[in-house]
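For reference, the structure is listed below as structure tokens.
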Amino acid sequence: MTTEVSPPLPLPNELTTPFWDGAANGQLVIQSCNACGHLQHAPEPICSACLSFDLGSAAVSGKGTVYTFCIPTQAFHPYFADKLPFVLAVVELDDQPGLKMITNIVDVDPDSVRVGDRVEVTFNPLGEGFMLPVFRPISQ
Amino acid sequence: MSKKNRVAIVGVGYSDVSRGTGYSLDKLTAQASVAAMDDAGIKPVDIDGVVVHSFPHQFVSSTHTAAMLGIPDLAFYSGNVDGAAYSVAAMHAIAAIESGSAETVLTLRTVHKDGAAGGAAMLAGGGGKGIPGNMQFSMPYGSFTGSHWAGMYMTRHMAKYGSTEEDFGSFAIAQRKFAVANPTESFFHEELTMEDYLNSRYIAKPLHLLDCDYPVDSSSALIFTTEERARDMKQKPVFFDSWANGTTKEADFSLVGEMTHSSPFMAADRMWSRTSLKPSDVDTAGLYDGFSFIAMQWFEALGFCGEGEAGSFVRSGATSATGSLPTNTDGGACNVGRRHGANFFIEVTRQLRGTAGDRALPKKPEVGVVSNAVGGFAACALLTAD
């Protein structure tokens, strides 16, 4: 069996395109409110902090802390069957308290990851030109 | 708390339940409805409200359910796909009866076995069109099912409080004892050891297979009515003393502000603010166990133990038949199969009205608590015997 299984690819829309375009250019881009500066992820049509509809996006530092994680050992999509085990994580970004995203921790032994680990963004090819922002430990 | 209309549970029932009934969602729904009407001793003409909660991709219509059952006219109906599973149906029905919008309401939760995994796989799967909406920020990372956020909730609790896999295992072991005593409903008939638990395979480490509810085809039905009407029905009524929903500011389960202090805390605080009862008054509990950590969070949220202390609470034997808070006395959804919360309302009702048969608790309970869900949304209620 050498059949290539397609990855689960995003279907970018008006709100999510900046994230995927940013990733393709090697930047972690998060929705940013033009009125109050609030960052929110995932993007929404309205700023939950000030109710402005005037929303843009901003490249953020790409540094953060592992808030939590798990190590999937069963594939619920065929694309992940040969990628087990991997680290599925929530990372809290340095750029705003409580600003978190779902991601993967890569370039690491899964069992060595700890809550509180310092991590930085890197980009893995997902397929069809999409780059996926993931995180790796910041070497001390 | 005083109410315009005190709401009673007067009938409970299940469909046939198995790993593969081959029955449609509608047939399961109809079976459970008939069982609950039989239990209450009423007929379709006595019902003027129907509320159904279902998955969006396994939708069950409330108006179609009424038509199937020959209910002539509905004063209140709602078909929900949002929020805390069965308890959403329950809360809508309670609100309808308290407000006088309806008198006797049939509430339902119907699910096919592949409901929880099937939806995500379906959305991410074919068509080649890609993942719509905000799921494009989770699925490409391999986050597809509840087991993924559940594993992350467990890790967070372990890191924050020093809890262990054995803590979660202690809950699986404790509720399996009840399951063994419920052979007609449980799918599992042998007690568990800690070794069994730890040797069960990981789904999303630290989450083990034995932390997960058991996927089945099922429909569960409960009938609620006013205190006045309840007096004329077949069963002893069980009453809602208080109830509450709660949500977090963030809708995404993986992105809630603090995983160890999620919506069960909001719901529990609100519920306790609406009653004169206290945690020490509660004699039995039915706490949602879609994953075992969820029931553990409810022990902490409801104030039966301190935050971070659920493991030692369970290990003390408090949740056993002879403990201070016998919990999930039917065996829980990990053992009787996925009923998405309804089984706890049904089992606590059976214990409070004295129809639990061989499983009747050694000390007849007067007050019970039930709960549903975790993370972004949750609900709980206090039930009292007549």
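Among the lysines, select those whose C-alpha is under 21 Å from the C-alpha of B:Lys177, and discard any that sit fewer than 8 residues away in the same chain.
Within reach: B:Lys363, B:Lys364.
If the elastic network links every pair of Cα atoms under 10 Å, which of B:Gly83, B:Gly308, B:Gly70 fluctuates the most in the Gaussian network model of chain B?
Per the Cα network of chain B with a 10 Å cutoff, B:Gly70 tops the list.
What ranking of B:Lys129, B:Lys43, B:Lys236 emerges when the number of other C-beta atoms within 10 Å of each C-beta is taken as an exposure proxy, fewest first? Display every interim value, and only then the final one.
Details: B:Lys129 8, B:Lys43 12, B:Lys236 16.
Neighbour counts put them in this order, fewest first: B:Lys129, B:Lys43, B:Lys236.
Can you give the convex hull volume per residue for the Cα atoms of the stretch B:209-270, as a whole number of Å³? Walk me through the numbers before you get to the answer.
Values: hull volume 11.1 nm³, N = 62.
Cα convex hull per residue, to the nearest whole number: 179 Å³.
Based on the alpha carbons, how large is the Rg to Rh ratio for chain A when Rh follows Kirkwood? Working shown, then result.
Values: Rg = 15.9 Å, Rh = 16.1 Å.
For chain A, the value is 0.99.
Tell me the net charge near B:Cys305. Cut-off is 13 Å between Cβ atoms, B:Cys305 excluded, with +1 for each Lys or Arg and -1 for each Asp or Glu. Write down the numbers at each step before the final one.
Details: positive: B:Arg315; negative: B:Asp167, B:Glu300, B:Glu307, B:Glu309.
Every neighbour counted, the sum reads -3.
Could you work out, residue by residue across B:147-160, how many beta carbons of other chains sit within 10 Å of that residue's beta carbon, and then give the average as an integer?
Details: counts 5, 5, 5, 1, 7, 9, 2, 2, 11, 6, 1, 2, 7, 2.
For peptide B:147-160, the averaged partner shielding equals 5.
For the stretch B:202-262, run through the trypsin sites (Lys or Arg not before Pro) and keep only the ones in DSSP coil with at most 16 other Cβ atoms within 10 Å of their Cβ. Let's see the in-between values first.
On the way: sites: B:Arg229, B:Arg231, B:Lys234, B:Lys249; in loops: B:Arg231, B:Lys234, B:Lys249.
The qualifying sites are B:Arg231, B:Lys234, B:Lys249.
When the helix-only estimate is applied to the protein assembly as shown (DSSP H runs of n ≥ 4, each -39,500 (n - 2.57), divided by the residue count), what is the mean residue ellipticity at 222 nm, nearest 500 deg cm²/dmol? All intermediate terms of the calculation are to be shown ahead of the outcome.
Working: 14 runs with 139 residues, N = 526.
Theoretical 222 nm ellipticity from helices: -7500 deg cm²/dmol.
Could you tell me the center-to-center distance, by alpha carbons, between the stretch B:141-162 and the stretch B:304-326 in angstrom?
22
Can you give the charge dipole size of the protein assembly as shown about its Cα centre, rounded to the nearest 20 debye, using +1 on the beta carbon of Lys and Arg and -1 on the beta carbon of Asp and Glu?
Numbers: 37 positive and 56 negative charges, 141 e Å.
The calculated dipole for the protein assembly as shown is roughly 680 debye.
Computed over the Cα atoms of the stretch B:118-243, what is the ratio Rg over Rh, Rh following Kirkwood?
On the way: Rg = 20.4 Å, Rh = 18.6 Å.
On the Cα set of the stretch B:118-243, Rg over Rh gives 1.10.
How long are the semi-axes of the equivalent ellipsoid of the stretch A:12-60, defined as square roots of 5 times the Cα gyration tensor eigenvalues? Whole Å, largest first. Please report the intermediate quantities before stating the final value.
On the way: eigenvalues 70, 23, 10 Å².
Here the semi-axes work out to 19, 11, 7 Å.
For chain B, with a Gaussian network of springs between Cα atoms less than 10 Å apart, report the residue from B:Pro56, B:Pro206, B:Pro140 with the top mean-square fluctuation.
Maximum among the listed residues: B:Pro140.
Between the DSSP loop rule and a limit of at most 16 other Cβ atoms within 10 Å, which trypsin sites (Lys or Arg not before Pro) in the stretch B:343-386 are left? Could the numbers behind the result be given before it?
Working: sites: B:Arg350, B:Arg353, B:Arg359, B:Lys363; in loops: B:Lys363.
Those that pass, being in a loop and sparsely packed, are B:Lys363.
How well do other chains shield peptide A:61-71, expressed as the mean number of their Cβ atoms within 10 Å of each residue Cβ?
5
Can you compute the radius of gyration and Dmax for the stretch A:61-140, using only the Cα atoms, both in Å?
According to the Cα coordinates of the stretch A:61-140, Rg and Dmax are 12.6, 36 Å.
Quick check on the exposure proxy: order B:Thr29, B:Thr184, B:Thr260 from fewest to most C-beta atoms within 10 angstrom.
Details: B:Thr29 29, B:Thr184 7, B:Thr260 23.
In increasing order of surrounding Cβ atoms, one gets B:Thr184, B:Thr260, B:Thr29.
Using DSSP, restrict attention to beta bridges with both residues in the stretch A:61-140 and report what percent are antiparallel, rounded to the nearest 5.
On the way: 23 of 24 bridges.
The antiparallel proportion sits near 95 percent.
Order of B:Asp269, A:Asp111 from fewest to most other C-beta atoms within 10 Å? If you can, show how the numbers build up before the last one.
Values: B:Asp269 14, A:Asp111 10.
In order of increasing Cβ crowding within 10 Å: A:Asp111, B:Asp269.
Looking only at B:Glu195, B:Glu228, B:Glu166, which one moves most when chain B is put into a Gaussian network model with springs between Cα atoms under 10 Å?
B:Glu195
Report, as a whole number in µm² per second, the diffusion coefficient that Stokes-Einstein gives for the stretch B:1-160 at 10 °C and 1.306 mPa s using the Kirkwood radius over alpha carbon pairs.
89
Using just the Cα positions, wrap chain B in a convex hull and report its mean projected area in square nanometres, one decimal place. Walk me through the intermediate numbers first.
Numbers: hull surface 70.9 nm².
Averaged projected area of chain B's Cα convex hull equals 17.7 nm².
Let me see the pair-distance distribution of the protein assembly as shown: every alpha carbon pair, 10 Å bin width, integer percents in order.
4, 19, 28, 25, 16, 7, 1, 0
Using unit Cβ charges (K, R positive; D, E negative) and no other charged atoms, how large, in debye to the nearest 20, is the dipole of the stretch A:12-140 about its Cα centre?
Numbers: 6 positive and 14 negative charges, 41 e Å.
It works out to roughly 200 debye.
Longer than 21 Å from Cα to Cα, which of A:Lys100/B:Lys160; B:Lys43/B:Lys234; A:Lys83/B:Lys129 are they? Say none if no pair is. Mind showing how you got there, number by number?
Values: A:Lys100/B:Lys160 18 Å; B:Lys43/B:Lys234 12 Å; A:Lys83/B:Lys129 23 Å.
A:Lys83/B:Lys129, as the Cα separations exceed 21 Å there.
Values in this text are rule-based calculations from the coordinates and carry no lab data. Worth saying up front: this structure is predicted, and the values here are computed from it rather than measured. Neighbour counts run over all protein chains shown; Cβ positions are idealised from the backbone, glycine included.
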